[in-house]
Amino acid sequence: MLHKELIDKERIPAHIAIIMDGNGRWAKQRGQVRSMGHQAGAETVHIIAEEAARLGVKYLTLYTFSTENWNRPADEVSALMALLMDSIEEETFMKNNISFRIIGDTDKLPADVLKRLSQCIERTSVNTGMCLTLALSYSSKWELTDAVKKIATKVADGTIQITDINEETIDKHLSTEYMPDPDLMIRTGGEIRMSNYLLWQCAYSELYFCDTFWPDFKEEELHKAICDYQKRERRFGKTSEQI
């Protein structure tokens, strides 16, 4: 039986975050250069985005390029930026009523890439379905540091008082302030770590790790992850009896 048939449509996670890992190793297994893995991974992004939207997921956030990835070989970084430009398909987003957003230290992105992304963000802003967010030049440590700076500036100019700072204050100064915290965080590729991704936001997320390389993570793999999520009891620090 396919996992899609086992999914409870009333308990779809509102927000799924994914660490898309394994593109390079997928290519290496096939005797191909790493860029071919990234190309195959970009195709999977469209497949998973469309399926998530069909299932009723409200927010899908994909770890696309970390701040640490800038340290990769220059030719690979250039290829990734070019692929990013080529793989933004506005028509796919419009057809599926998907709005598009980005989070991260976007000042580091090449001007042409940022312009292309901004155009897509503006055009899809009218869509009311799923929100697809790419985490680009992103890391949680960068994001939290940036939030602290913003809050400290407001304390210094008297906009807020130190005693007013709470968890909600921090939430409002994160780049993810427009979305709820992830219900489900998926990492492909066999590694079992968070890799500096949405650390604050994933405090109570359900974590799902699988060995499947991202290019091979198609609809059935997503269905399998959602089924696993739906078997869990989310207590948020309470007992089973309190739920």
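The values are calculated or read from the model by the stated rules, or taken from the named source; none is laboratory data. For clarity, every value in this text was computed on a predicted model and none was experimentally measured. Backbone-built Cβ (ideal geometry, glycine too); neighbour counts: all protein chains shown.
Being more than 14 Å from the chain's Cα centre (by Cα) and assigned to a loop (DSSP other than H, G, I, E, B) narrows it down to one residue among Ile170, Ile192; which is it? After ruling out the rest, the residue left standing is Ile192.
Quick grid of which residues meet (1) at pLDDT 95 or above; (2) touching a Phe, Trp or Tyr at 6+ places or on another chain (Cβ under 6 Å); (3) over 25 Å from Ser66 (Cα atoms):
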site	(1), (2), (3)
Ala135	yes, yes, no
His173	yes, no, no
Ile186	yes, yes, no
Ile192	yes, yes, no
Ser195	yes, no, no
Trp214	yes, no, no
Lys218	yes, no, no
His223	yes, no, yes
Thr239	no, no, yes
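If you check Thr212, Thr163, Thr159 for being farther than 21 Å from Phe100 by Cα, polar (S, T, N, Q) and outside any loop (DSSP other than H, G, I, E, B), only one passes: Thr163.
Within the option set Val45, Val77, Val57, being more than 24 Å from Cys202 (Cβ to Cβ) and of a type in the set (Val, Ile, Thr) holds for one residue only, Val77. Kindly evaluate Glu10 against the criterion of being of a type in the set (D, E, K, R) and in contact with a Lys or Arg (Cβ under 7 Å, 6 or more places away or on another chain). Considered against the rule, which asks whether it is of a type in the set (D, E, K, R) and in contact with a Lys or Arg (Cβ under 7 Å, 6 or more places away or on another chain), Glu10 comes out as no. In the range 192-209, of all residues being among the small types (Gly, Ala, Ser) and in contact with a strand residue (DSSP E or B) (Cβ under 9 Å, 6 or more places away or on another chain), the one that is surrounded by the fewest Cβ atoms within 10 Å (Cβ to Cβ) corresponds to Ser195. Of all residues in the range 171-202, those being hydrophobic (A, V, I, L, M, F, W, C) and more than 20 Å from Asp105 (Cα to Cα) number 4. At least 3 residues being surrounded by 20 or more Cβ atoms within 10 Å (Cβ to Cβ), of a type in the set (Phe, Trp, Tyr) and in contact (Cβ under 8 Å) with a residue 40 or more places away in the chain is the threshold, and among the helices (runs of 4 or more DSSP H) wholly inside the range 32-140 not one reaches it.
Within the span defined as the range 166-187, one or more residues are surrounded by fewer than 20 Cβ atoms within 10 Å (Cβ to Cβ) and among the β-branched types (Val, Ile, Thr). Leu109 falls short on exactly one of the conditions (1) in contact with a Ser or Thr (Cβ under 7 Å, 6 or more places away or on another chain); (2) modelled with pLDDT of 95 or more, and that condition is (2). Is the range 201-211 home to any residue that is among the polar types (S, T, N, Q) and farther than 25 Å from Glu43 by Cβ? So far as the range 201-211 goes, yes, one or more of its residues are among the polar types (S, T, N, Q) and farther than 25 Å from Glu43 by Cβ.
Among the residues of the range 15-31, none is identified as under 13 Å from Gln230 (Cβ atoms) and surrounded by fewer than 22 Cβ atoms within 10 Å (Cβ to Cβ).
Selection within the range 1-35: residues that are over 30 Å from Ala203 (Cβ atoms) and modelled with pLDDT under 95. The member of this set that is farthest from the chain's Cα centre (by Cα) is Met1.
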